[in-house]
Amino acid sequence: MKNMCSVISEILGGSQFWATFVGIIIAAVIGNYYWAKQHQKQLKRDLELDFFKRLNGVIYDLMIALTTASSDYFTVFNNLKYHVRNPELFKFNSLEERGKMLNNFNSLGIKISIFFSEIEGNEIIIFRYIHYRKFFTFKMEEIDNISHECMADLVDVNAKLTSEEGFSKFANKCKIAQDKYTCFIAYLHDYRNELMNYFMADLFGRKMPERVPIDPIFQPLNKVATKEAVEEEERRRNANLTNGING
């Protein structure tokens, strides 16, 4: 086998100097190419890990805010329950309860905005998971709707809300709200683990296990938010929006 310098020497008419010189240039170009590729790979890796580190903190803060807001529905339900059973002994200030819920919900809104901003501002890094971002948007809309329904009921605790039927309906809304908050927290846990596996599994040689739900209502994110399911839900919502405008 002839080495590179020998081949170049033959091409250049036997000039060893020029053959060596050209060989050095070619080797330098090839070396620079591989260095650039390695540098690009390392830069990509650094951006990914830096993004995950930031997002991990954002997710943690959001989970705390969701837990705080969710606990309000348990508290207000129980306070109203005791008031309905014994209104003389257990007082219930609906506006005060609503004010607490609204404050925590507004704080949650800030954390949600930060969460979506962090994802959307770096979506090229996790483009393969864009359907999860859409799914979280759908779920947050559901939380927003049921939360405002509950808070609207607390504007005035009249005979309708404190009646057996009215209280039962309100209790059901509180249960729905708590379940939706809990689901969202579980989905965030799944999302964080999936990103952790995507970015770090090769580095550490192991993966975080998939969450196994005790209650079937809290299915893992990758089971309920498949690309197909999210796309179908997006089409349905867009169709409803179009029909609403045209109607």
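The values are calculated or read from the model by the stated rules, or taken from the named source; none is laboratory data. Model, not experiment: these values are computed from the prediction. Here Cβ is always computed from backbone atoms with ideal geometry, including for glycine, and neighbour counts include all displayed protein chains.
Checking the stated criteria, Lys81 turns out to be within 25 Å of His148 (Cβ to Cβ), of a type in the set (D, E, K, R), in a helix (DSSP H, G or I) and touching a residue at least 40 places away in the same chain (Cβ under 8 Å). It is to be established whether one or more residues within the range 177-185 are more than 30 Å from Phe92 (Cβ to Cβ) and at pLDDT 90 or above. No, the range 177-185 has no match at all. The condition (being among the aromatic types (Phe, Trp, Tyr), closer than 25 Å to Thr226 by Cα and out of contact with any helix residue (DSSP H, G or I) (no Cβ under 8 Å at 6 or more places or on another chain)) is satisfied by just one residue among Phe115, Phe127, Phe135: Phe127. Scanning the range 152-166 for residues that are crowded, with 18+ Cβ neighbours inside 10 Å, at pLDDT 80 or above and in a helix (DSSP H, G or I) yields a single hit, Asp153. Just one of (1) of a type outside the set (Ser, Thr, Tyr); (2) modelled with pLDDT under 90; (3) exposed (fewer than 13 other Cβ atoms within 10 Å of the Cβ) fails for His83. It is (3).
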